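A short write-up of the structure that comes next.
The values are calculated or read from the model by the stated rules, or taken from the named source; none is laboratory data. Computed from a prediction, not measured in an experiment: that's the story for all the values here. For neighbour counting, all protein chains shown are included, and Cβ atoms are generated from backbone atoms with ideal geometry for every residue, glycine included. Protein only, heavy atoms only, side chains kept; ligands, DNA and RNA dropped before computing areas. Shrake-Rupley method; radii C 1.70, N 1.55, O 1.52, S 1.80 Å.
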Amino acid sequence: MAERYKQQGALAHLHLAARTAEGPEDASVRLIERPFQGQINLRGEIGDEAFRSAVESVAGLSLPETPNSFLEQAGRRALWLGPNEWLIVLADGEETALAEALRAALAGQHASIAEVGHSRTVIGLAGARAREVLRKGCSLDLHPRAFGPGQCAQTLLARADMILLQADDRPTYEINARRSFADYVWRWLEDAAREYGCALVAE
Amino acid sequence: MTRQQFRLAEGGRIDRDRPLSFRFNGRAYQGYAGDTLASALLANGVHLVGRSFKYHRPRGIFSAGAEEPNAIIQLETGTRSQPDLRATQVELYEGLRAKSVNCWPSVRFDLAAINSRLAPLFPAGFYYKTFMWPGRAWHLYEAVIRRMAGLGVAPTGPDPDRYEKTHIHADVLVAGGGPAGLAAALAAARAGARVILADEQSAFGGQLLGNGESVDGKPGAEWAAAAAAELVDLPDATLLPRTTVIGYFDDNYLTLCERVTDHLGPAAPPELPRQRLWKVRARHVVLATGAHERPLVFQGNDRPGVMLASAAQSYVNRYAVRPGRRAVLCANNDSAYRAALDLQEAGVEIAAIADLRPAPDGAGVEAARAQGIEVLPGQAVVATQGGRHLTGVEIAPLSEDGNALAGPSSTEKCDLLCVSGAWNPAVHLFSQSRGKLRYDEGLACFVPGRSVQAERSAGACNGRFALADCLAEGHAAGTAAAAAAGHGDDSGPVPKAEAEPVGAIRAVPCVPSRSGRANKHFLDLQNDVTAADVALAAREGYRSVEHTKRYTTLGMGTDQGKTSNVTGLSVLAAALGRPVPEVGTTTFRPPYTPVTFGTIAGRDVGDLADPARMTPMHHWHVQVGAVFEDVGQWKRPYCYPRQGESKREAVDRECLAVRNAVGILDASTLGKIDIQGPDARKLLNMVYTNAWNKLEVGRCRYGLMLGEDGMIFDDGVTSRLAEDRYLMTTTTGNAARVLEWLEEWLQTEWPDWRVYCTSVTEQFATMTICGPKARDLLAELVDGLDLDPAAFPFMSWRAAAVAGVPARIFKISFTGENSYEINVPANYGMAVWSAIMNAGEKYGITPFGTEAMHVLRAEKGFIMVGQETDGTITPHDLGMDWAVSKTKDFLGKRSLARADTTRAGRKQLVGLLTEAADAVLPEGGQIVSELARKPPMDMIGHVTSSYYSAALGRSIALALIKGGRDRGGETVHVPLLDGSSIAATVTEPRFYDSEGERLRG
Amino acid sequence: MFLIQCPWCGPRDETEFGYGGEAHIARPAGPETLSDADWADYVFMRKNPKGVHLERWVHRHGCRRWFNMARDTYTHQVLGVYQMGEPPPGPEGGDG
């Protein structure tokens, strides 16, 4: 296995770690990059008991059947992406092992397992005005009555695709963006947050 | 600095403790916080604010709001300058500078005013009749016309301000914050709905801010402030002052323009946007947009000093400004009487009220009479006097049918003439929502008819002009809207106002003049369209209001005819002798009032205008000075010029390095699709033209994809990763399209096929090393992988660690050299790239860009989708029948047997070698077999790719030529724009290593 | 801008979707047995009604599922959405 320190995230060129002291302490918007997450795109028929139970036992995760929702167990998440498609998010470095275990368990079945963690990066967006930043580029109804913790959605942020996930009601959002768009998405977010005062935070 | 001689000592919603200095047309004035530019000018006795569009007649402030046709100004100078704003809507700030538009050299002395004397020469359709012939000379006329007839000037520098756009959802959007809108918003918000209330003014209250009426026993403005305060305290109500609802689109999608800091001028905090565009999706919409007072059409009705009665009332009540010393009113309805009383109370002498109605009565009329105001029933102003300002009016009785004067006229001295031709509901948004308008004979205006969307109109915009009715209707609309959005009906009490019956009006489309002419009866004050122009258009055969509008330019100014459309329509209907509803109404298009481009663009400007997609090695390319080109949204290195090297020299050097040593290309942008499932092979067989049954695990194959029309739309190499798993590559630009194509067929046509597709384009950093030294270089970086061609043959792939990182290595070639395409997980891309560069140094490794790649593949005659194909090219056209299966079905196969795809004379791929070895043909150049002295010539094809080939020491080109494969050896010509031409010989489309020995390594 | 009800994701802005043309056009079995005219009819010919149109859309920036929609091309009203493989809904469906 490759040495993990050799990895370079999609936003490495922005040197965000060196900028974490920037911004007001009581900022109403906080931004952070969470690179290097293990992610597996999983496809299969949820009605197929063999598929479902194999995933549950190997990944330790239940797959959500409700559109635009995610389930979290033991630090792993399963996000609904489509009626036969999920995104499993787990710790960096665990992705290949889990993918291989799933492939073994689902051998001969109608399923698809693809590692995609390197193809995306995750940006955390939190704070009292995080919702206002997000709605500048997202046409979903983000009002607490319509979108809350436990929900996720594939949609657009300005001109880029994203998988949006709400983690808590502070609110904290995670924006899962495609790697090649990461520079655009980050700079768009930082620019959008400017009028509220924005802080870059460390994990 | 002049004193504010027309300012009242007290009253108004202005702050006398905050005087503000400003300049208009170079002169210094003072106003107060709370003023608009228009009210501050009037306070200083300035009425003359502009010149009309065509005749350059002097024009004064006419209204107090969005409908203003005359007071169109240019605000500020330099990059923050804004053209064509309405002085009636510009809030005053310290240091404001504005000037009139459309007058030169100055508003008081306008050289072009001679046009007014020549008015008979400028009839309707003047431009069409005069300047369109001869067409060739238009460029001569245009410059003159643009200078004479132009309005404001757009700034030329980049806009220094920020603009924002935002989405928001609401249960109930209320457009307009007058009495009806406030009542609606209160009712809906109290019932628990998420409410947005938007109003274009700085404060909520609408007409209540200017007309002195009371609600729930309180002065109207006070009630409005209390209502707004209650809404602010409700958790789910959003109040947007200074926000105009500008557009109403499908599915209750509305756009709002909020002027966030315009009113602060240079004092605006830099972190705030100047304006914000709100994109609202509302479950229900309440339109409470009010009404615009309608002017009356009579001779000389455009003189400065002529003003809408409600505007004059607003100026005294809201801004504490007397718009004149001695006023005459001319009205056909009751509302003007309240204005007269308020003006009188403010110290304006009321000379008379000419009321078109033969027997006006009602509370307002009686109150005016009780105050000693002379009411002249059945009379109208029939002419005005004065130059740059009104000095007097002629008043005369009207005949019973309103078409003639019924007696001698009298003259009244006055400096203010208030006109009121009753009210036009502001149905703009209703009409934009595709709602059907209905003509109300009694009110002589259009009112909302049948709704199409989840929307209701309330108050004056619904033809309900009495305050009590507005409040009741607003409350009911808000309650119903909240209920429709799933909330209760606990909407609180209905706000009350004194019920005052509204008397009937008398509609006279055009007040006759003594001369019988109507060429100074202005309908459209901004575009100088008169009743005579419309009558002429009718005589010339125009029947449709839409055509008449374009012919006369009625309602086509920056005000979009807010004060002129209905009066113009009435005149047209009268001229045609048809009822108004039969003549129709013009279409109301967004935006309701003009919006600056910055607001529409928002932050989608500069480098946020479009995403720039970057590969994992992008910043390395930047650091070594690569020149980039856009491929779709991707940034790809075009070439890597060294110090002092031209791009052409860099490309030549990069090409030779690949042919003679080793080059490295960042190919991460290629589309990659992971295809898994027992039916994966079946899918490949259907979407590719060739057969996939015999491809073994570990092997790769090139394939062409066709649309069902038989035309090539993509190509690429697909590799078999495992028994039921393939990795498909696509061209950079088509990655998303190909995945969607596969999904489309799987989901819509073959839903029972057991195969899934997943995009993994960005999971991998892809770097291609190629050239005679590529194998030696790779050998240094991999462990335990036999690179001998016998063990690792061309068109196969192997898994191995490259520089310690797990990789897939594909031995495929697009350059004709021995070539390895290395895929590693993207976050390791830079580490592996660096390792290759370090190890490659002794081999002379040279990074090469897209242009060298294009040259190298063209030398080999490899096609490039989008270059050799354009959606009309079949595999046969390109001589690629070898890639097309004769036995199996595939998408597009049947089309290859259609008469059109099999006919002789289709364009076919050939090579071209120019007679002069260093002449590079222009790509896209048209090809002829015989040169003529000048066009037209018979074009037989076009150049698709053309380069200088350093390896061959000459230029090469690929082309599509009719029947090209039978023209080998023929000489053809490519005529150039400068009249010269380049001669070339038709060859095979392959120039280098045609046996393909080099790429097998 | 339309608000389109994705059968899976719920109401989303039109910008998230791609348009796929007329629905219920099946790829003919045995294309090689068809005349040029019949094949061309399948490949090129589409209805262009003023009124109800049955058409395909894909939730491009969402769940990437294809679905059918009945839409009135004159009023812009979306009359309903239904899954691939399902027949058009009710009596208001049909070819308008």
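Would you pick out the residues in the range B:218-236 that are open to solvent by 60 Å² or more (accessible area, probe 1.4 Å) and more than 21 Å from B:Ser314 (Cα to Cα)? Once the filter is applied, which keeps residues that are open to solvent by 60 Å² or more (accessible area, probe 1.4 Å) and more than 21 Å from B:Ser314 (Cα to Cα), the range B:218-236 yields B:Glu230, B:Val232, B:Asp233, B:Pro235. When the criteria are applied in full, B:Trp692 meets the requirement of being open to solvent by less than 40 Å² (accessible area, probe 1.4 Å), without any contact (Cβ under 8 Å) to a residue 60 or more places away in the chain and aromatic (Phe, Trp, Tyr). Restricting B:Gly663, B:Gly625, B:Gly632 to residues that are more than 14 Å from every other protein chain (Cβ to nearest Cβ) and in contact (Cβ under 8 Å) with a residue 40 or more places away in the chain narrows the list to B:Gly663.
Would you call B:Glu762 among the charged types (D, E, K, R), surrounded by 21 or more Cβ atoms within 10 Å (Cβ to Cβ) and either within 30 Å of A:Leu42 (Cβ to Cβ) or assigned by TED's automatic domain parsing to the domain that holds B:Leu684 (or both)? For B:Glu762, the condition - among the charged types (D, E, K, R), surrounded by 21 or more Cβ atoms within 10 Å (Cβ to Cβ) and either within 30 Å of A:Leu42 (Cβ to Cβ) or assigned by TED's automatic domain parsing to the domain that holds B:Leu684 (or both) - is met. Whether any residue in the range C:35-54 is in a strand (DSSP E or B) and either within 28 Å of A:Gly82 (Cα to Cα) or within 12 Å of chain B (Cβ to nearest Cβ) (or both) is what I want to check. Yes, that holds for at least one residue. Just checking, does the range A:129-143 include any residue being under 25 Å from B:Ala722 (Cα atoms) and at the interface with another protein chain (Cβ under 8 Å from one of its Cβ atoms)? Checking the range A:129-143: not a single residue is under 25 Å from B:Ala722 (Cα atoms) and at the interface with another protein chain (Cβ under 8 Å from one of its Cβ atoms).
One line per residue, one yes/no per condition, for (1) assigned by TED's automatic domain parsing to the domain that holds B:Pro304; (2) free of Cβ contacts under 8 Å to residues at least 12 places away in the same chain; (3) small (Gly, Ala, Ser); (4) open to solvent by 10 Å² or more (accessible area, probe 1.4 Å):
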{"residue": "B:Ser21", "(1), (2), (3), (4)": "no, no, yes, yes"}
{"residue": "B:Gly26", "(1), (2), (3), (4)": "no, no, yes, yes"}
{"residue": "B:Leu41", "(1), (2), (3), (4)": "no, no, no, no"}
{"residue": "B:Val49", "(1), (2), (3), (4)": "no, no, no, no"}
{"residue": "B:Arg59", "(1), (2), (3), (4)": "no, no, no, no"}
{"residue": "B:Pro83", "(1), (2), (3), (4)": "no, no, no, yes"}
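Scanning the range B:522-535 finds no residues that are open to solvent by 40 Å² or more (accessible area, probe 1.4 Å) and not assigned by TED's automatic domain parsing to the domain that holds B:Ala336.
May I ask you to verify whether A:Arg120 is of a type in the set (Lys, Arg), more than 11 Å from chain B (Cβ to nearest Cβ) and open to solvent by 10 Å² or more (accessible area, probe 1.4 Å)? First the steps, then the outcome.
Numbers: of a type in the set (Lys, Arg): yes; more than 11 Å from chain B (Cβ to nearest Cβ): no; open to solvent by 10 Å² or more (accessible area, probe 1.4 Å): yes.
Answer is no for this residue.
Please indicate, with yes or no, whether at least one residue in the range C:61-80 is under 21 Å from B:Gly707 (Cα atoms), surrounded by 17 or more Cβ atoms within 10 Å (Cβ to Cβ), out of contact with any strand residue (DSSP E or B) (no Cβ under 8 Å at 6 or more places or on another chain) and not charged (D, E, K, R). There is no residue in the range C:61-80 that is under 21 Å from B:Gly707 (Cα atoms), surrounded by 17 or more Cβ atoms within 10 Å (Cβ to Cβ), out of contact with any strand residue (DSSP E or B) (no Cβ under 8 Å at 6 or more places or on another chain) and not charged (D, E, K, R).
Take A:Leu63 and decide whether it is at negative phi, of a type in the set (A, V, I, L, M, F, W, C) and not assigned by TED's automatic domain parsing to the domain that holds A:Trp186. When the stated conditions are applied, A:Leu63 passes them. When the range B:461-487 is filtered for residues that are on the phi < 0 side of the Ramachandran plot, open to solvent by 40 Å² or more (accessible area, probe 1.4 Å) and not in a helix (DSSP H, G or I), the ones remaining, listed by number, are B:Arg464, B:Phe465, B:His487. Listed by first and then second residue, the pairs linking a residue in the range B:581-610 that is outside the structural domain of B:Ala175 (by TED's automatic domain parsing) to a residue that is of a type in the set (D, E, K, R) and part of a helix (DSSP H, G or I), with Cβ atoms under 7 Å apart and 6 or more places separating them unless they lie on different chains, are B:Thr586/B:Glu546; B:Thr586/B:Lys549; B:Arg603/A:Asp191; B:Leu608/A:Arg187; B:Leu608/A:Asp191. On inspection, B:Tyr253 qualifies as within 14 Å of chain C (Cβ to nearest Cβ), touching a strand residue (DSSP E or B) at 6+ places or on another chain (Cβ under 9 Å) and at pLDDT 95 or above. A single entry from B:Glu708, B:Glu762 fulfils the requirement of being within 11 Å of chain A (Cβ to nearest Cβ), touching a residue at least 24 places away in the same chain (Cβ under 8 Å) and within 42 Å of the chain's Cα centre (by Cα): B:Glu762.
Counting the residues of the range B:445-473 that are touching a strand residue (DSSP E or B) at 6+ places or on another chain (Cβ under 9 Å), over 17 Å from B:Gly205 (Cβ atoms) and of a type in the set (A, V, I, L, M, F, W, C) gives 4.
Restricted to the range C:1-50, and to residues there that are over 14 Å from the mean Cα position of the chain (by Cα), open to solvent by 60 Å² or more (accessible area, probe 1.4 Å) and among the hydroxyl-bearing types (Ser, Thr, Tyr), the residue that is farthest from B:Trp741 (Cα to Cα) is C:Thr33.
Taking the range B:938-995 and the strands (runs of 3 or more DSSP E) fully enclosed by it, the elements with 1 or more residues that are closer than 23 Å to B:His876 by Cβ, open to solvent by less than 20 Å² (accessible area, probe 1.4 Å) and without any contact (Cβ under 8 Å) to a residue 60 or more places away in the chain are at B:939-949, B:954-962. When the test is whether a residue is in a loop (DSSP other than H, G, I, E, B), of a type in the set (Phe, Trp, Tyr) and either in contact (Cβ under 8 Å) with a residue 40 or more places away in the chain or crowded, with 17+ Cβ neighbours inside 10 Å (or both), A:Phe147 passes it.
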